[in-house]
1. Starting from 0 in steps of 10 Å, tell me what percent of the Cα-Cα pairs of region 19-136 lands in each bin.
2. Can you tell me the accessible area per residue over region 18-159, all protein chains present, probe 1.4 angstrom, in square angstrom?
3. Show Phe85, Phe125, Phe112 ordered by accessible area, largest first, where the area counts protein heavy atoms only and the probe is 1.4 Å.
4. Per the 1.4 Å probe, what fraction of the accessible area of region 91-154, in percent, lies on carbon and sulfur atoms?
5. Please give, to one decimal in nm, the separation of the simple spin-label points placed at Ser218 and Phe112, each 7 Å out from Cα toward the Cβ.
6. Sort Phe129, Phe124, Phe78 by heavy-atom solvent-accessible area, probe 1.4 angstrom, most to least.
7. Quote to one decimal, in nm, the extra length available between Gln23 and Lys165 on full extension: 0.36 nm per residue of separation minus the C-alpha distance between them.
8. Could you compute how much accessible surface Arg47 exposes when probed at 1.4 Å, giving the result in Å² to the nearest 10?
Amino acid sequence: MEKFDRPKLEELPALKQLEDNWQQWGEECKAGERSWRSSGKLYKAIRKELEDIAKDHCSFCDDKPLGVKSTQTIEHYFPKGKDDFPCLTFAWENLFYCCNKCQLNANSDKPFKYTLKPDNEAYFFQNCFYYDQEFGELKILENLASKNPEKFEKATAFLKRYGLKDGKLKQVRINKFMEVFRELKDDDDTFDKRIRDDFAFRYVYDAAKAYFDNWKKSNSKNTPLN
C-alpha cells in the first residue's frame, strides 16, 4: 500500500527477456497460444525483482514476511483472463509482489474496477488513508469524499478489492502486534512519538511487529503471550 517505485525494465538486466518479448507474449496470450506460468526461471526472476521493490511486503496489504504466513505471488493489477486484459499478462507495469490472500480477494472481486494503483506517480498512501491506532483499523480520510469524490471512490474500491473492506486489517493480521504494543507503549514514549510523528502505514506494521518480537525475546518461554 506504500508507494511502489518501479524501475524501468532496461535498468534490470535479469529481466531482459521480459523487456524484449512482453508485447509479443501478450498477443499470444490473447490468441490463446501462451499462458502465464507461476513457476520457472523467468517467473522467479520477476518475483525477486518485485519483492526487492516492495521491500519484502505485499504491495497491497503490506503484510510481511511472505512465504511464511502467506504464499508469495505475482498479482496482475489488470486481470490477465481472456475476458479481461490478456495483452497485459507480461506487462511490467501490471505486475506486483503480492500475498495469496490479497490475490484471492482480487480474483473474486468481479467485474474489474480500476481503483488505486500503487506505482502511479501521483499515488501516496497519506493522501487517501490513515491508520487508526486505537481501533487497529485502516481508514479513508474523512474529508476525501467531499474534497475528491473520484479518489474517495477509488480508495473505497481498493479496500474492497483486496479484502480490506470497512477498514479491517484482515490480511495484515496486525491486531495481535498492536494489542501488545498498546499494553507496553507507556514504557517507551519515544517509540510512541515516532509512530505518531513519522507516520507511514508500513512503518506502523514493521515497528509493531519488531516491538512484539522483542517483547517475546525479553520474556521467558513460559510467559503466556495472550
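The values are calculated or read from the model by the stated rules, or taken from the named source; none is laboratory data. Every value quoted in this text rests on a predicted model; they were computed, and no experiment measured them. When we count neighbours, we look across all protein chains shown, and the Cβ atoms used for this are built from the backbone with ideal geometry, even at glycine. Areas reflect the complete protein model, heavy atoms only, side chains present, ligands, DNA and RNA absent. Shrake-Rupley method; radii C 1.70, N 1.55, O 1.52, S 1.80 Å.
1. Reading upward from the zero bin: 12, 40, 36, 9, 2, 0.
2. I get 51 Å² per residue for region 18-159.
3. Final ranking, largest accessible area leading: Phe85, Phe112, Phe125.
4. Carbon and sulfur: 52 percent of the exposed surface of region 91-154.
5. Going by the 7 Å Cα→Cβ label model, 4.8 nm.
6. Descending accessible area places them as Phe124, Phe78, Phe129.
7. 47.7 nm
8. Arg47 has an accessible surface of roughly 60 Å² with all protein chains in place.
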